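The values are calculated or read from the model by the stated rules, or taken from the named source; none is laboratory data. Keep in mind that what you see is a predicted model, and the values were worked out from it rather than measured. Quick reminder, even Gly has a Cβ in these numbers, built from the backbone with ideal geometry, and neighbours come from all protein chains shown.
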Amino acid sequence: MCPFLDSQAKPPRALLDSSEALQRSILATVPDAMIVIDEAGTILLFSEAAHRMFGYDEDVVGQNVKILMPRPDRDRHDDYMRHYMETGEAHIIGIGRITTARRRDGSNFPIELAIGEAQGEHGRLFTGFIRDLTEIQRAERRLNDLQTELSHISRVSAMGSLASALAHELNQPLTAIASYAEGARSLLEEDAPSAETLTTVREALAEASAEALRAGQIVRRLREFISRGDSEKRVERLRRLVSEAAALALTGAGQIGLNFEIRLDAEVDLVLCDRIQIQQVLLNLIRNAVEAMQRSARQQLEIRSRPASRGLVEVVVADSGPGLAPEVAAQLFQPFNTSKDKGMGLGLSICRTIVEAHGGRIWAEPSDFGGTAFHFTLELAEEPQDG
Ligand code: ADP
């Protein structure tokens, strides 16, 4: 039988010798706040994370755990403990719940509390694990913000589609203007144009100018739409851009077996860009890579960075997918170039527009994993020291 499961068996000597060191290392490293109390509610152990969470610099061992609770729990805690000792009726022990705790400075904060019980040499011991929910709430708020930004991102995509649609619309008046002008020019080539010819020319020119006005309106509509989505360049941390975009791109995509790695060079972390737009580029590239690998036996996705020519960083999104189909590769980054049934073929053309508007370049190469690697460059906010 395993000696640890046999309550009669003695723990190995080495374990006993190191138990104090072991305890110290657990208290220093356990990520949640961990507190051990005795039957009277006296604190026996208080982890480093608990010190940070509750704002205590000094030692709190020996004090009653009530100091960590706001009223009314603080006043009732002795009764709770007594009641549990007498009846065994648990409200929290072994169940866990969300409640409120009190920091040293008197401020309250929401926590998730889980308590376990053990029999010690001198009575029962209770171990509490506490998680600060403000951190989680903050993370949730951040996620909400990201989702709001994502809707902006889809507007940027919509802008790409709109631009293509408008380009198509513009083509019609421009073609009409060209043919009216051409018609008028050839009519005027006659030596002495008749009054009738001149009337036709006048009509053609009127039509041409009406078409030109129509084209102007279309351009104005596009400009209005774009001006609502102003691009703002700021100093950003590439690490943050990449990790957020990856989290968004990989959320809910159900990639079981995906081996995902981010290897960014810390020397080239500060970049000058519109965060939302560059995240849109990353999002498109990561989603494309994940989609490309759907049927691959090996699914390896890597995002890495390295210094490029002076003042630029090169970001690479590499996959182990099947590589680019030759018919797509020939027109990569052109709008409406897609190999997917439901694809729009706009993602990469939008990526190119954004990267080039940032003064960078985007291209594709075979990846080290036998798939595709998309590379793009971005302006650094400051030159690397040894650059
Ligand atoms: P869409 O995803 O709507 O097709 P994109 O412009 O994003 O539009 O991509 C165009 C095409 O490029 C895709 O249809 C696909 O054939 C190819 N492609 C893009 N990324 C990859 C990749 N990582 N691996 C293989 N092919 C890719």
### Message
Here is a list: Gly41, Gly106. Which entry is farther than 20 Å from Ile136 by Cα, at pLDDT 75 or above and exposed (fewer than 12 other Cβ atoms within 10 Å of the Cβ)?
### Response
Gly106
### Query
Could you list, in sequence order, the residues of the range 183-197 that are more than 20 Å from Ala208 (Cα to Cα) and of a type in the set (D, E, K, R)?
Glu190, Asp191
### Query
Is there any pair with a first residue in the range 341-355 that is under 15 Å from Gln331 (Cα atoms) and a second that is within 7 Å of the ligand (Cβ to nearest atom) and part of a loop (DSSP other than H, G, I, E, B) whose Cβ atoms are under 8 Å apart and which are 6 or more apart or on different chains, and what are they?
Met344/Thr338; Gly345/Asn337; Gly345/Thr338; Leu348/Leu332; Leu348/Asn337; Ser349/Asn337
